[in-house]
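Below is one structure, written out as C-alpha cells; comments come after it.
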Amino acid sequence: MSRRRCRLGAVHYRRSPEHPFPAPYEDCPAVTRHVADRIDDYGARRDRLAVAGDSAGANLAAVVAQTFREEDRPLAAQLLAYPPTDFDGQYPSHAENAKGYLLTTESIVDIQHLYAGDDPAARSSAQVSPLRAGRLAGLAPAIIATAQYDPLRDEGQAYAVALHDAGVEVFTRNDDGLIHGFLNMFPASPAADAAIGELCAELKRRLHETAAG
C-alpha cells in the first residue's frame, strides 16, 4: 500500500518583544507566498496548500488565510488550534479559566501588550484580531480546535461561529478536559492524542476534497 505524504514548512518569524507587530505579520504571509510561488520546488501540490498553527501561530495562520483571500491566492484549508482572535474582546472563558490551567488571563494581557502595544487601531485591526475583519466570506475551509479549560476558548469559538455565518466551511471541536497547548501533550494525554488525530484527519479530508474538486 502506498503512503501519502505531505511537505511541512515552519516559519521562523520574528517574535516579540524584540520584534512586535507588524514584524510577525509581515514575515508569515511573505514566507507562505514564497512557498506558494515555488511549490513545485518543494515537491508539493498547488491545490493542497494549507496553513496551520497553534496559539499565536494560529492567530498568524488565520491572518495569512485572510491575506491570501485578499490577494486572490488559493488556499485549501486553515487549521487553527486554540487561536487568539480578538485582542480587545471580553469573553466568559477569560474569567472562567483565568488561572490554574497553565496559560493565565494575566499572561495573555502581557503577551498582547508585548505584541501589539496599547494602540486601539493596531489591536482591533484584522492583522492582529482576525475576528474583527470587515469581511470573512471567501476564506479557506477552517478547522478550529479549542479546549475546555483555556482562557482563549471563547475567542476561538467566536471565530468559528463568525466564519460559519459568513458562509465558510468550518469544522470545530471543543475538547473537554484539555487546556491550552494540548497539541504538545500527546505523549502524556490520550485525550490530547485523540484530539490531534481527529484534527489531522479533518485536514487530510479537506485537502483530498480540494484536489478532487
* Remind me, relative contact order of the chain in percent, using alpha carbon pairs under 8 angstrom and six or more residues apart? -> 20 percent
* Quick one: Karplus J couplings for the range 169-178, per residue in order, coefficients 6.51, -1.76, 1.60, θ = phi - 60°, nearest Hz, x for Gly and Pro? -> 5, 9, 10, 9, 9, 10, 8, 5, x, 9
* So who's got an amide H within less than 5 Å of the one on THR172, skipping anything under 5 residues away but keeping other chains? H placed 1.01 Å off N, in plane. -> ILE144
* Asked: Considering the zone a paramagnetic label at ALA98 would reach in this model (a point 7 Å from Cα along the Cα-to-Cβ line), which residues of the range 134-158 have amide N under 18 Å from it?
  -> 149-155
* Separation of the ALA30 and GLU198 label points, Cα + 7 Å toward Cβ, nm -> 3.9 nm
* What order, most packed first, do the peptides 146-158, 188-200, 61-73 have when packing is the mean number of other Cβ atoms within 10 Å of each residue? -> 146-158, 61-73, 188-200
* Asked: For the chain, what is the calculated [θ] at 222 nm in deg cm²/dmol (nearest 500), taking -39500 (n - 2.57) for each run of four or more DSSP H residues and dividing by its residue count?
  -> -13000 deg cm²/dmol
* Structure fact -> Residues whose built amide H sits under 5 Å from the amide H of ALA52, excluding neighbours closer than 5 in sequence, are LEU79
* Peptides 47-58, 29-40 ordered by average Cβ neighbours within 10 Å, highest first -> 47-58, 29-40
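Of HIS164, HIS19, which has the most accessible area with a 1.4 Å probe, and how do the rest follow in descending order?
Result, largest first: HIS164, HIS19.
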* To the nearest 20 debye, what charge dipole does the range 25-161 have about its Cα centre, counting +1 at the Cβ of each Lys and Arg and -1 at the Cβ of each Asp and Glu? -> 440 debye
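The values are calculated or read from the model by the stated rules, or taken from the named source; none is laboratory data. All values derive from a computational prediction rather than experimental measurement. For neighbour counting, all protein chains shown are included, and Cβ atoms are generated from backbone atoms with ideal geometry for every residue, glycine included. What goes into the accessible areas is simple: the full protein's heavy atoms, side chains included, and nothing from ligands, DNA or RNA. Shrake-Rupley method; radii C 1.70, N 1.55, O 1.52, S 1.80 Å.
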